[in-house]
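In what follows, a structure is listed as structure tokens, so that the remarks can point back to it.
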Amino acid sequence: MEYPDIDWINYSWWENQIITHRVAFLKTLDEYQISRLVVHVKHNLKSNEISNNEGYKKTLEIIEDYLNKQKKETRQKQTYQWQGDAEKDLPKLYIKMNGRFIDERTTLEQFKAIFTGQPIESESIKPVKWIASNRLLAYFLDQVCIERNWQAIAENGKLFLKKDGDPLTANDLAVALSDSKKFGKPKGYEEIDEIVKKYKKP
């Protein structure tokens, strides 16, 4: 669909569409159009003449809220993103955890796929069987994952299996983390601390 240019002359049309139709309209735009809008609005908000213009402020608020939700949805559709040097760190982490916390039949590639931002629909994503307690898994993920919604990511991607082979859900992990906060760190947490002390999220 073709729309007017994003400039001073046509801006009121754009503003009206965004404030009136919000997400429904923004979904019809491509990344270039949205980035142009953000640049245009931010640039003009710096102007003394319109720095307090409520229309500009509302437009920017709607766009940024939309972009933040899009980013969150994207993150929920991929596995965790390791913040260090994945190629260097993950093999070492795998060696320390294999047979102790994760099933010894877990391959390195299977383990790496969980922490390298892979699409959850990817055939390379095969669930890792966690052989320790749910509380230890929740404790571990809370230490290394920067994603606030790490429980939802685990469920959406079916990233971990319980000892009985059932997928761990977001609720399983949320309850496990809550229990640790209520009743103290899980049994065996010292070993997790020792393993991940170099890899904790900032």
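Just so it is clear, none of the values below were taken in a lab; they were calculated from the coordinates. Given the structure is predicted, the values throughout are model-derived calculations rather than measurements. Cβ coordinates were reconstructed from backbone atoms using ideal geometry, including for glycine residues, and neighbour counts include every protein chain displayed.
Details
- Annotation: amide H of T79 within the under-5 Å range of G117, Q118, I120, sequence separation 5 or more or interchain, hydrogens built in the peptide plane.
- Evaluated with a Cβ-only charge set (Lys, Arg +1; Asp, Glu -1), the stretch 76-202 carries a dipole of roughly 320 debye about its Cα centre, given to the nearest 20.
- Whole-Hz couplings from phi, Karplus 6.51/-1.76/1.60, listed for the stretch 82-96; x for Gly and Pro: 5, 8, x, 8, 4, 5, 8, 6, 5, x, 5, 5, 4, 4, 6
- Over the stretch 79-177, Cα pairs under 8 Å with separation of 6+ residues give a relative contact order of 30 percent.
- For the stretch 1-131, size of Cβ-based charge dipole, Lys and Arg +1, Asp and Glu -1, in debye: 720 debye
- Charge-dipole axis of the stretch 86-196 as Lys and Arg at +1 and Asp and Glu at -1 on Cβ define it, positive-most pick from N149, P127, G165: G165
- Calculated [θ] (222 nm, deg cm²/dmol) that DSSP helices of n ≥ 4 give over the chain, each run adding -39,500 (n - 2.57): -17000 deg cm²/dmol
- The residue list Y80, Y32, G55 was ranked by how far each Cα lies along the charge dipole of the chain toward its positive end, using unit charges on Cβ atoms, and Y80 comes out on top.
- Computed from backbone phi, the HN-Hα couplings of the stretch 31-45 come to 4, 5, 4, 5, 5, 4, 4, 4, 4, 4, 5, 5, 4, 6, 5 Hz, rounded to whole numbers (Karplus: 6.51 cos²θ - 1.76 cosθ + 1.60, θ = phi - 60°; Gly and Pro given as x).
- The amide H of F160, built 1.01 Å from its N in the peptide plane, has V128, L168 as neighbours under 5 Å, considering only residues 5 or more places off or on other chains.
- As a proxy for reagent exposure, ranking V38, V23 by other Cβ atoms within 10 Å from fewest up yields V23, V38.
- Under 5 Å, built H, 5+ apart or other chain: amide partners of I102: I131
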